[in-house]
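For reference, the structure is listed below as structure tokens.
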Amino acid sequence: NAGVTQTPKFRVLKTGQSMTLLCAQDMNHEYMYWYRQDPGMGLRLIHYSVGEGTTAKGEVPDGYNVSRLKKQNFLLGLESAAPSQTSVYFCASSSGGAGEKLFFGSGTQLSVL
Amino acid sequence: EDKVVQSPLSLVVHEGDTVTLNCSYEVTNFRSLLWYKQEKKAPTFLFMLTSSGIEKKSGRLSSILDKKELFSILNITATQTGDSAIYLCAVEATGNQFYFGTGTSLTVIP
């Protein structure tokens, strides 16, 4: 009964370093999303995917890249981390049908020094 | 530009009080409105509303949608310390796009 699993849960990077966040879902969902959450800003969409092999930009895509090589996995990459990318990152998935809700992972706390 | 606005941004109440959280939206191609509760970790689903005027209820929590005036309210009666959390409102548009408000931070004091 895993649902949406994110790894890692915490990470500290130095400016300029790169890293990849992994999101895995076992619900056979078509749609997957990456959000960042900052104080007073709510959840903002970074990138999303409507199916295996597809990706699209959200509201705040700059500085991030994503890949969806397998239906169950959605990777978020930071090629050259900046302090402005310090945030909590949430992955979510949805079946894509009408009236279907988002299921969230437990989040990744990322600090860029 | 699609947007979801929640008010108030934060709220402090005493146990036993009743609170009303507000969510207004301007989203084209509206499909549904969702409420989530977030306690330090992942948001957890509370309600989904698609039709105007039909109240959804779960224990002490209830919510209603007004599609004409483009808003929803979340009511919590007889608040408990366990209700302390951030409450997020999200609107789903066609194409499975979800737009979130900034959230309302609720603190319930014993």
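Note on segment B:1-13: among residues that are more than 11 Å from B:Thr104 (Cα to Cα) and either away from chain A (no Cβ under 14 Å) or of a type outside the set (Lys, Arg) (or both), the one that is most open to solvent (accessible area, probe 1.4 Å) is B:Glu1. Which of the residues spanning segment A:36-53 are closer than 21 Å to B:Lys40 by Cα and within 8 Å of chain B (Cβ to nearest Cβ)? Those that are closer than 21 Å to B:Lys40 by Cα and within 8 Å of chain B (Cβ to nearest Cβ): A:Gly40, A:Met41, A:Gly42, A:Leu43, A:Arg44, A:Leu45. Residues in segment B:91-110 that are assigned to a strand (DSSP E or B), more than 17 Å from A:Pro39 (Cβ to Cβ) and out of contact with any helix residue (DSSP H, G or I) (no Cβ under 7 Å at 6 or more places or on another chain): B:Val91, B:Glu92, B:Ala93, B:Gln97, B:Phe98, B:Tyr99, B:Ile109.
Tally up the residues in segment A:64-77 that are open to solvent by 50 Å² or more (accessible area, probe 1.4 Å) and either without any contact (Cβ under 8 Å) to a residue 24 or more places away in the chain or under 26 Å from B:Trp35 (Cα atoms) (or both), please. The total comes to 4.
The test for being in contact with a Leu (Cβ under 7 Å, 6 or more places away or on another chain), in contact (Cβ under 8 Å) with a residue 40 or more places away in the chain and not aliphatic (A, V, I, L, M) does not hold for A:Ser80. For A:Gly51, are the conditions met, namely being touching an Asp or Glu at 6+ places or on another chain (Cβ under 8 Å) and touching a residue at least 12 places away in the same chain (Cβ under 8 Å)? Yes.
Contact annotation: residue pairs with Cβ atoms under 7 Å, 6 or more positions apart or on different chains, pairing a residue in segment A:16-27 that is touching a residue at least 12 places away in the same chain (Cβ under 8 Å) with a partner that is open to solvent by 30 Å² or more (accessible area, probe 1.4 Å) and not in a strand (DSSP E or B), are A:Gly16/A:Ser80; A:Ser18/A:Glu79; A:Ser18/A:Ser80; A:Ala24/A:Gln72; A:Gln25/A:Gln72; A:Asp26/A:Ala2; A:Asp26/A:Gln72.
The values are calculated or read from the model by the stated rules, or taken from the named source; none is laboratory data. These numbers were taken from a predicted model, which means no experiment stands behind them. As a convention, Cβ positions derive from the backbone with ideal geometry for all residues, glycine included, and neighbour counts pool all protein chains shown. We work out accessible area using only protein heavy atoms, side chains counted, and drop any ligands, DNA or RNA first. Shrake-Rupley method; radii C 1.70, N 1.55, O 1.52, S 1.80 Å.
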